[in-house]
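Structure first, then comments.
The values are calculated or read from the model by the stated rules, or taken from the named source; none is laboratory data. All values derive from a computational prediction rather than experimental measurement. Every residue, glycine among them, receives a Cβ derived from its backbone with ideal geometry; neighbour counts consider all protein chains shown. For accessibility, only protein heavy atoms count, side chains too; no ligands or nucleic acids. Shrake-Rupley method; radii C 1.70, N 1.55, O 1.52, S 1.80 Å.
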Amino acid sequence: MIVVVAEKPSVARDIARVLGCRQKGQGFIGGDTHQVTWALGHLVTLCEPDEVDQKYKRWRAEDLPILPPTIPTKVIPKTKSQYQVVKKLICDKQTDRVICATDAGREGELIFRLIYEKSGCKKPFDRLWISSMTDQAIRDGLAAMKPGQAYDGLYASALGRAQADWLVGMNASRAFTLRYGALLSVGRVQTPTLAILVRRTQEIRAFVPETFFTVTASFGDYQGTWFDPDAKDQKTSHRIANKEKANEIAKAVRGKRATVIDVNREQKRELPPLLYDLTTLQRDANSSLGFTASKTLACAQALYEKHKAITYPRTDSKHLPQDMTGKVSGALTALPVAYQPLVSGIPKPNGTLPAPRRVYDDSRVSDHHAIIPTPQKVDPARFTPDEHALYDLVARRFIAAFYPAHEYEAVRVITQSLGHNFRSTGRTVLVSGWKDVIRDKAADKETLPGLAVGDERQTQSASVKQDATKPPPAHNDASLLSAMETAGKDIEDEALREQMRGSGLGTPATRAAIIERLIRVGYVRRQGKALHATLKGEQLIAAVPAEIASAETTAKWEQELEDIARGKKDTQRFDAGIRRFTKFLVGYARDSAPD
């Protein structure tokens with residue numbers, strides 16, 4: 001008999017159906033050759049400090065740091081009955097082999113391995129690794145399983161991360177709570193994430209707006225904004241500090257002749273956006289749909305597990321492997337009828353689907369490829385409105401990846417009147433390309449008439465507008481996810497962010513939970529889309545050392561964990577570094593003086 005351990009009952013039911021298991025038992029589904037059970041998420045977890053030693057039940061500074069040689073595990077009481085079911089099945093004398101079918105990622109690996117080790121199971125096990133929950137994907141995965149030992153590095157990374165969070169979180173939270181007399185939660189990842197929000201909140205508070213004025217002139221069939229061609233910063237060259245000067249410029253040019261003195265035309269191309277990874281999908285869903293990061297993850301998980309509509313969402317890759325061309329073609333064909341006119345618009349030279357490098361790149365595929373629709377036909381009418389909206393983002397991004405570049409002519413015109421220069425910009429679309437697929441909600445830029453140097457117009461009107469400099473915007477889920485992804489480096493270019501993948505705060509699968517935890521413990525409040533650090537959050541960042549609040553430091557740890565997962569490093573060096581850091585944090589808290 002072979003026992004399959006899935007992560008959730010819904011996934012177990014899908015696998016059981018493919019394996020022909022139909023006999024429902026208490027906590028499992030049985031068949032002739034296989035029995036499929038599930039873990040209900042974590043069934044085994046790390047012990048609390050007081051479960052390691054009773055003396056830690058009381059929080060005392062003299063007991064810190066808590067650094068057990070190994071951190072023991074325990075069965076979670078709430079789900080103990082299901083643990084007993086799994087343990088009995090995998091340790092049964094009739095069981096020859098076990099299949100690990102928990103989610104194919106770091107957290108899923110940890111869930112299974114902790115159960116396997118706690119139960120004392122010695123049976124050989126294989127790893128089911130799939131990126132889609134369709135029946136065909138499950139069958140393909142069962143046919144291509146690898147021995148569990150092939151994923152030992154992933155388990156070492158997962159356990160190392162969990163133990164690091166325990167050591168830093170348990171010790172630092174106790175140390176700073178005792179020092180400041182208030183319950184303070186300090187974490188290896190959550191604290192540097194909070195620091196990003198605190199920094200922005202303080203920048204907004206300290207911001208002092210500066211009033212300025214602008215002059216806009218109408219030349220009949222187009223408009224222009226006054227600017228100073230000699231200004232050092234051309235981005236702010238349109239700002240006039242003095243209202244009287246602005247009024248003088250407007251009064252001087254009204255009704256006067258104006259001449260075009262410069263016309264610059266430049267053809268530009270915008271390549272299709274890369275396919276979605278989870279973080280980019282969360283950012284786009286926040287910007288265009290108003291979804292929080294956790295809501296996007298929940299909807300994506302439902303589309304993956306319940307509807308079999310998209311591939312595994314907890315991925316950090318924006319590319320597909322070269323051998324997926326057949327599945328991609330099938331996925332395009334299987335898209336709901338509403339998308340088929342867009343699919344038919346994909347150019348197919350020689351009758352074949354294009355295979356752009358921006359889509360297929362084995363070197364940029366990690367444990368899972370980018371999020372795309374599955375080749376299984378789905379009925380969007382069965383989706384909730386939120387699921388439908390998110391599926392639409394994924395489907396359109398997928399189709400757009402095979403469309404040609406968006407091409408346009410950018411035009412910049414300088415018109416002069418009585419020695420005053422006015423700048424006008426516009427664009428003319430040459431090839432709509434992928435923007436036929438992805439709706440651009442931004443207002444179309446003004447299309448300028450066909451102007452040439454020497455053309456003359458009359459300045460029909462000139463108006464003055466008062467404005468003021470704006471503070472940096474408050475972070476929202478989208479901008480905070482971007483900052484976490486790049487360890488606080490504000491990089492807008494998607495391709496550049498992709499090159500820096502691997503150095504960030506948390507992982508695509510954990511970032512939403514980190515944001516929600518900061519809100520739950522009172523360090524951050526959500527106001528509409530905006531995320532603001534609270535006074536409590538600011539006080540924590542003021543109290544802790546810069547090292548624990550450093551995004552770059554934590555990003556280096558994440559990179560080390562990734563190296564462990566890939567077999568490039570062992571866990572001992574990482575663990576030793578975390579323990580040294582834990583001692584430093586406790587010492588810092590002990591020596592710091594509360595206000």
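In table form, for the structure just shown:
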read-out	value
Meets criteria (more than 30 Å from ARG439 (Cβ to Cβ), at pLDDT 95 or above and more than 40 Å from the chain's Cα centre (by Cα)) for VAL208	no
Of all residues in region 69-101 being within 34 Å of the chain's Cα centre (by Cα) and assigned to a loop (DSSP other than H, G, I, E, B), the one that is surrounded by the most Cβ atoms within 10 Å (Cβ to Cβ)	ILE71
Residue within region 273-285 that is in contact with a Phe, Trp or Tyr (Cβ under 9 Å, 6 or more places away or on another chain), buried (at least 16 other Cβ atoms within 10 Å of the Cβ) and closer than 30 Å to GLY426 by Cβ present	yes
Among the candidates SER288, SER329, residue that is closer than 16 Å to ILE399 by Cβ and either polar (S, T, N, Q) or touching a strand residue (DSSP E or B) at 6+ places or on another chain (Cβ under 6 Å) (or both)	SER329
Where GLN416 falls short, out of the listed (1) surrounded by 15 or more Cβ atoms within 10 Å (Cβ to Cβ); (2) touching a helix residue (DSSP H, G or I) at 6+ places or on another chain (Cβ under 6 Å)	(2)
The one condition in (1) in contact with a Phe, Trp or Tyr (Cβ under 8 Å, 6 or more places away or on another chain); (2) free of Cβ contacts under 8 Å to residues at least 60 places away in the same chain; (3) surrounded by 16 or more Cβ atoms within 10 Å (Cβ to Cβ); (4) of a type in the set (D, E, K, R) that ARG174 fails to fulfil	(2)
Subset of region 286-333 (residues that are β-branched (Val, Ile, Thr), open to solvent by 20 Å² or more (accessible area, probe 1.4 Å) and touching a residue at least 60 places away in the same chain (Cβ under 8 Å))	THR292
Tabulated pairs, region 346-365, first over 21 Å from THR333 (Cα atoms) and in contact (Cβ under 8 Å) with a residue 40 or more places away in the chain, second open to solvent by 40 Å² or more (accessible area, probe 1.4 Å) and not in a loop (DSSP other than H, G, I, E, B), C-beta under 7 angstrom, 6+ apart or interchain	ASP362/GLN322
Filter result for the condition that a residue is surrounded by 12 or more Cβ atoms within 10 Å (Cβ to Cβ), of a type in the set (D, E, K, R) and at pLDDT 95 or above, over GLU248, GLU266	GLU248
Members of region 16-68 that are basic (Lys, Arg) and part of a loop (DSSP other than H, G, I, E, B)	ARG22, ARG58, ARG60
Selected residue (only one of LYS318, LYS268, LYS295 is more than 26 Å from ARG364 (Cβ to Cβ) and basic (Lys, Arg))	LYS295
ALA206 vs. criteria closer than 30 Å to ILE240 by Cβ and open to solvent by less than 10 Å² (accessible area, probe 1.4 Å)	no
Selection from region 165-200 of residues that are in contact with an Asp or Glu (Cβ under 8 Å, 6 or more places away or on another chain) and at pLDDT below 95	GLY187, ARG188, VAL189
SER218 open to solvent by less than 70 Å² (accessible area, probe 1.4 Å), out of contact with any helix residue (DSSP H, G or I) (no Cβ under 6 Å at 6 or more places or on another chain), without any contact (Cβ under 8 Å) to a residue 40 or more places away in the chain and farther than 30 Å from PRO373 by Cβ	no
Flag for ILE111 being part of a helix (DSSP H, G or I), touching a Ser or Thr at 6+ places or on another chain (Cβ under 8 Å) and not polar (S, T, N, Q)	yes
Residue satisfying all of: in region 375-398; β-branched (Val, Ile, Thr) and more than 21 Å from the chain's Cα centre (by Cα); nearest to ASP436 (Cα to Cα) among these	VAL378
Search result, residues across region 158-200 that are in a loop (DSSP other than H, G, I, E, B) and over 14 Å from LEU505 (Cα atoms)	GLY181, ALA182, LEU183, LEU184, SER185, VAL186
Failed condition for LYS465, given (1) assigned to a helix (DSSP H, G or I); (2) under 18 Å from THR214 (Cα atoms); (3) of a type in the set (Lys, Arg)	(1)
Members of region 334-360 that are in a loop (DSSP other than H, G, I, E, B), open to solvent by 50 Å² or more (accessible area, probe 1.4 Å) and either within 23 Å of ARG382 (Cβ to Cβ) or not small (Gly, Ala, Ser) (or both)	PRO347, LYS348, THR352, ARG357, ARG358
Yes/no for ALA474 being surrounded by 15 or more Cβ atoms within 10 Å (Cβ to Cβ) and either basic (Lys, Arg) or within 32 Å of the chain's Cα centre (by Cα) (or both)	yes
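Let's see how each residue does on (1) within 22 Å of GLN282 (Cα to Cα); (2) modelled with pLDDT of 95 or more; (3) of a type outside the set (Phe, Trp, Tyr):
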{"residue": "LEU303", "(1), (2), (3)": "yes, yes, yes"}
{"residue": "PRO313", "(1), (2), (3)": "yes, no, yes"}
{"residue": "THR325", "(1), (2), (3)": "no, no, yes"}
{"residue": "GLY330", "(1), (2), (3)": "no, no, yes"}
{"residue": "GLN340", "(1), (2), (3)": "no, yes, yes"}
{"residue": "ASP361", "(1), (2), (3)": "no, no, yes"}
{"residue": "VAL365", "(1), (2), (3)": "yes, no, yes"}
